[in-house]
1. Kindly evaluate THR40 against the criterion of being of a type in the set (Ser, Thr, Tyr) and without any contact (Cβ under 8 Å) to a residue 24 or more places away in the chain.
2. Given the conditions (1) over 22 Å from VAL233 (Cα atoms); (2) at pLDDT 95 or above; (3) open to solvent by 40 Å² or more (accessible area, probe 1.4 Å), which single one is not true for LEU125?
3. Here are some conditions: (1) free of Cβ contacts under 8 Å to residues at least 60 places away in the same chain; (2) surrounded by fewer than 18 Cβ atoms within 10 Å (Cβ to Cβ). ALA160 meets all but one. Which one does it not meet?
4. For the list (1) farther than 25 Å from HIS123 by Cα; (2) surrounded by 15 or more Cβ atoms within 10 Å (Cβ to Cβ); (3) of a type in the set (Asp, Glu), I need the number of the one condition that GLU105 fails.
5. Against the condition surrounded by fewer than 18 Cβ atoms within 10 Å (Cβ to Cβ), in a helix (DSSP H, G or I), touching a Phe, Trp or Tyr at 6+ places or on another chain (Cβ under 7 Å) and not hydroxyl-bearing (Ser, Thr, Tyr), how does ALA192 come out, does it pass?
6. For a quick check of your reading of the model, give me the residue pairs whose first member lies in the stretch 77-95 and is closer than 18 Å to TRP133 by Cα, whose second is open to solvent by less than 80 Å² (accessible area, probe 1.4 Å) and among the charged types (D, E, K, R), with beta-carbon atoms closer than 6 Å and at least 6 apart or on different chains.
7. Could you please give the count of residues in the stretch 107-155 that are assigned to a helix (DSSP H, G or I) and either in contact (Cβ under 8 Å) with a residue 24 or more places away in the chain or aromatic (Phe, Trp, Tyr) (or both)?
Amino acid sequence: MNLQLKGKTALVTGSTAGIGEAIARQLAAEGVHVYVNGRTRERVASVTAEIIRIHPGASLSPFVCDFSKPATLEEALNALDPVDILINNVGIFEPRPFVEISDQEWYKMIEVNLMSGVRLSRHLLPAMLQRGWGRILFISSESGVQIPEEMIHYGVSKTAQIALANGIARLTKDSGVTVNSVLPGSTWSEGAAQFIADLASKQKKEQDDVIADFFREVRPNCLLQRFATTDEVANMVTFLASPLSSATNGASIRVDGGTLPTIL
């Protein structure tokens, strides 16, 4: 299928690992010029080189920015060419008992997970509307619907992303611009791998047994009964970033393996 993406320009935040890296790689394979974002120039250069190794014709540029430090964002934005596709993927998480989460930790979670998308969308949306085409996507989470008790601040930040995407979509009526959120479920990334490795070490179990226990006890409603791959999530994001998704706007698209209940 031709996704009609060749020649578009995309900014994928948090694209040096996990879902973000998979999205950047898939967009590059479709002929999109991709701004690869990370906190350090070295990490961005490393991932850029890896994408070019896989897709020798890929067109990539660095976008070095630490979204926990908003003062660095303005300078980075001034170096951007016009962006057709914004993927708000950057995010942090940390399991922590609710009563132990300080104000500062709440502010940092909101700063990175929510305000990064607020600032980027505010900057890039007007030009998209003027050009008559654009895509803004927020990579939220199933945790934005079912708030995890072990990291409530993370879940709240993901709920806020869904609300933000829906609100911005109201501003795009009859414009050719769409704004949607994507809700991945449990996805196998560096963070998930470390989480499982730590549990296996703590419980003195094999990792495969820990994964089986996780889906049986923690995610029993997941129809997939395994971690999704980052590419499986990126497949949906790449389609939603394309002109072929033109009738999808203001939506929350689930890539959760059937974990969330269906409400008709």
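The values are calculated or read from the model by the stated rules, or taken from the named source; none is laboratory data. None of the values given here were measured: they were computed from a predicted structure. Cβ coordinates were reconstructed from backbone atoms using ideal geometry, including for glycine residues, and neighbour counts include every protein chain displayed. When the accessible area is computed, the model is the full protein with side chains, heavy atoms only, and any ligands, DNA or RNA have been set aside. Shrake-Rupley method; radii C 1.70, N 1.55, O 1.52, S 1.80 Å.
1. Numbers: of a type in the set (Ser, Thr, Tyr): yes; without any contact (Cβ under 8 Å) to a residue 24 or more places away in the chain: no.
So THR40 does not fit the description; no.
2. Result: LEU125 fails condition (3) only.
3. Of the numbered conditions (1) free of Cβ contacts under 8 Å to residues at least 60 places away in the same chain; (2) surrounded by fewer than 18 Cβ atoms within 10 Å (Cβ to Cβ), the odd one out for ALA160 is (2).
4. Result: GLU105 passes all but (2).
5. Values: surrounded by fewer than 18 Cβ atoms within 10 Å (Cβ to Cβ): yes; in a helix (DSSP H, G or I): yes; touching a Phe, Trp or Tyr at 6+ places or on another chain (Cβ under 7 Å): yes; not hydroxyl-bearing (Ser, Thr, Tyr): yes.
So ALA192 fits the description; yes.
6. ASP84/LYS8; ILE85/LYS8; ILE85/ARG135
7. 27
Residue-wise test of (1) surrounded by 17 or more Cβ atoms within 10 Å (Cβ to Cβ); (2) in contact with a helix residue (DSSP H, G or I) (Cβ under 9 Å, 6 or more places away or on another chain).
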| position | (1), (2) |
| --- | --- |
| GLU217 | no, no |
| ASN221 | no, no |
| LEU224 | no, yes |
| PHE227 | yes, yes |
| ASP231 | no, yes |
| VAL237 | yes, yes |
| PRO243 | no, no |
| ALA247 | no, no |
| SER252 | yes, yes |
